[in-house]
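Written below as structure tokens is the structure these notes are about.
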Amino acid sequence: KHIVILISGRGSNMEAIVQACAAGGWPARIAAVISNRPDAAGLAFAQAHGVPTAVVDHKAFGKGDAARVAFDAELQRVIDGFSPDLVVLAGFMRILTPGFTAHYAGRMLNIHPSLLPAFPGLHTHQRAIEAGCRVAGATVHFVTAELDHGPIVAQAVVPVLDGDDEAALAARVLRLEHRMYPSAVRWFVEGRLAVEGARVRHAGGEP
Ligand code: GRF
């Protein structure tokens, strides 16, 4: 199976997936890493690991709804050039158009650093601290037109500790993300995930 990973920046989740896949035993390979920002730090890691990279710079498309549609169309063309079975959003900081999400329905995953449906959107860690949450975590989900919604594949929790600031909590959650996202991607390429309406069924039980 072919996996295409989309990034916008650091790409540490992409790194974790590339490394887990390279370690072997996956019925899949990473076909490409694509960024909407030419300066995304993660591109160098992908290139150093022999993974093809591409950039579709959203800034070249201007602003507004028409620009968004044109960007998504070009992004889709570049992604589909790699014949993906699965598209993985890993810190891809773009709102996607409904046409784009429909095209990849059931074959596009995202990771979000909160326990959805709590705290969709940005600044999740600060919001969790301010709300007095005693636990935080991350969610892997299938992507639908609605931002940070869609059938949930996996969730895991970490404690929020007294004295945590945003950076401390973000770092704890990120370590968790690096374990759970490769696992979830592997479940998909092994054919163990099926979307049934709003829910995900794990073949053979949740691993
Ligand atoms: C992660 O916290 C991810 O959950 C969120 O953006 C961050 C991306 O980090 N969507 P990285 O680029 O994978 O290092």
Exercise. Measuring from centroid to centroid over Cα atoms, what is the spacing of the stretch 88-153 and the stretch 1-42 in Å?
Worked result: 18
Exercise. Using helices alone, what [θ] at 222 nm do you get for the chain, with -39,500 (n - 2.57) per DSSP H run of 4 or more residues, divided over all residues and rounded to the nearest 500?
Worked result: -10500 deg cm²/dmol
Exercise. Any idea what the dipole of the chain comes to, in debye rounded to 20, about its Cα centre with Lys/Arg Cβ at +1 and Asp/Glu Cβ at -1?
Worked result: 360
Problem set entry | For Ile3, net neighbour charge (Lys/Arg +1, Asp/Glu -1) across residues whose Cβ lies under 11 Å away | +3
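Where does the charge balance sit around Asp65 when Lys and Arg score +1, Asp and Glu -1, over other residues with C-beta under 14 Å from its C-beta? Let's see the in-between values first.
On the way: positive: Lys63, Arg68, Arg94; negative: Asp72.
In short, +2.
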Problem set entry | Summed residue charge, Cβ within 9 Å of Pro120's Cβ, Lys/Arg positive, Asp/Glu negative | -2
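When only Cα pairs under 8 Å and 6 or more residues apart are kept, what is the percent relative contact order across the chain?
Once divided by the residue count of the chain, the mean separation gives 20 percent.
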Problem set entry | Cα-based equivalent ellipsoid, the stretch 114-189: semi-axes from gyration tensor eigenvalues, Å | 22, 15, 9
Problem set entry | Exposure proxy order (Cβ contacts within 10 Å, fewest to most) of Trp26, Trp187 | Trp26, Trp187
Seminar exercise, completed: In nanometres, the difference between 0.36 nm per residue of separation and the alpha-carbon distance of Val55 and Arg77 is 6.7 nm
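For Met180, Met93, which order do you get if you count the other beta carbons within 10 Å of each Cβ and list the fewest first?
Met93, Met180
Report, please, the projected area of the chain averaged over directions, based on the convex hull of its C-alpha atoms, in nm².
Computing the convex hull of the Cα atoms and averaging its projections yields 11.6 nm².
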Problem set entry | Inter-site label distance for Ala168 and Arg10 at 7 Å from Cα along Cβ, in nm | 1.7
For this session: Note the full-extension length gain between Ala198 and Gln19 as 0.36 nm times their separation in residues minus their Cα-Cα distance, in nm to one decimal.
Result: 61.4 nm
Exercise. Going 7 Å from the Cα of His2 toward and past its Cβ, which residues in the stretch 9-34 have a backbone nitrogen under 17 Å from where you end up?
Worked result: 27-34
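Each reported figure results from applying straightforward, stated rules to the coordinates on display, with no laboratory input. Nothing here was measured: the structure is a model prediction, and the numbers come from that model. All Cβ positions, glycine included, derive from the backbone under ideal geometry; neighbour counts span all protein chains shown.
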